[in-house]
Amino acid sequence: MSLPEAAGLLADLIAVPSPTMHEEAAAKLLADKLPRFGWRGAHIDGIGNVVACRGTGNKELVLLSHIDTVPGGPQIMIRDEIIQGRGSVDAKGPCCAMAVAGGTVEVPSDWRITFIAAVGEEVDSRGARFRMPLHSPDACVIGEPTGSDGVALSYRGRVLFSFTAEDEGAHRSGSPGPITDTVMASASVIETAKKTWDRIFNCNNGHGRT
């Protein structure tokens, strides 16, 4: 089946497996194809990300997605103009959409666009972390699946907690002790997070997505 060039980019990229830590072949393919879509300076940086740019202005828009996937199938399948396969949604689809759109849009003289297809997102975000000190963008759009009917204004990310507690060795009959204190503190955080999520979810359902 013959695909439009933009869809062909996605199909070609899905056809090259790129589980985290093994993105090299897919990164080379994407870097080689980006000039056809209007990008210049396409290259693979020191950590393995694919980077390209357009425009020369002082203001920077970063288009950031990732090229790595979790391991395994499904294998690529094209049927009735639907492309399926590992990474088609997370996140080679958004990545290719950004590559095509960002390479087509007119860039004002005071702006530049930087496209980044990062490595390592599924494990440690090493690709994005490598780029962070190199950019101070005026805007950044993340190419990550969030559904087809809205745009996320923020991303959940993650917060890591470390709980510690100690006492002076009191008898457990008079005090629950440090272990119990840390477990209870953890449970309190989980309960607070759940209540916050329920409140946001109910608010969005009642007043529309924000």
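The values are calculated or read from the model by the stated rules, or taken from the named source; none is laboratory data. These numbers were taken from a predicted model, which means no experiment stands behind them. Neighbour counts are summed over all protein chains in view; Cβ atoms, including those assigned to glycine, are modelled from backbone coordinates with ideal geometry. With ligands, DNA and RNA removed, areas are computed over all heavy atoms of the protein, side chains included. Shrake-Rupley method; radii C 1.70, N 1.55, O 1.52, S 1.80 Å.
Observations
- Flag for residue 69 being open to solvent by 10 Å² or more (accessible area, probe 1.4 Å), at pLDDT 95 or above, polar (S, T, N, Q) and touching a strand residue (DSSP E or B) at 6+ places or on another chain (Cβ under 8 Å): no
- Residue that is surrounded by 13 or more Cβ atoms within 10 Å (Cβ to Cβ) and not in a helix (DSSP H, G or I), where the choices are 97, 42: 42
- For the range 178-210, taking the residues that are over 19 Å from residue 159 (Cβ atoms), open to solvent by 90 Å² or more (accessible area, probe 1.4 Å) and assigned to a helix (DSSP H, G or I), the one that is modelled with the lowest pLDDT is identified as 207.
- Residue within the range 79-87 that is more than 26 Å from residue 133 (Cα to Cα), at pLDDT below 95, open to solvent by less than 80 Å² (accessible area, probe 1.4 Å) and of a type in the set (S, T, N, Q) present: yes
- Qualifying residue in the range 150-169 (condition: at pLDDT 75 or above, assigned to a helix (DSSP H, G or I) and more than 30 Å from residue 47 (Cα to Cα)): no
- The range 47-63 residues that are touching a residue at least 12 places away in the same chain (Cβ under 8 Å) and open to solvent by less than 30 Å² (accessible area, probe 1.4 Å), paired with ones that are part of a loop (DSSP other than H, G, I, E, B) and among the aromatic types (Phe, Trp, Tyr) (beta carbon under 8 Å, 6 or more apart): 52/39
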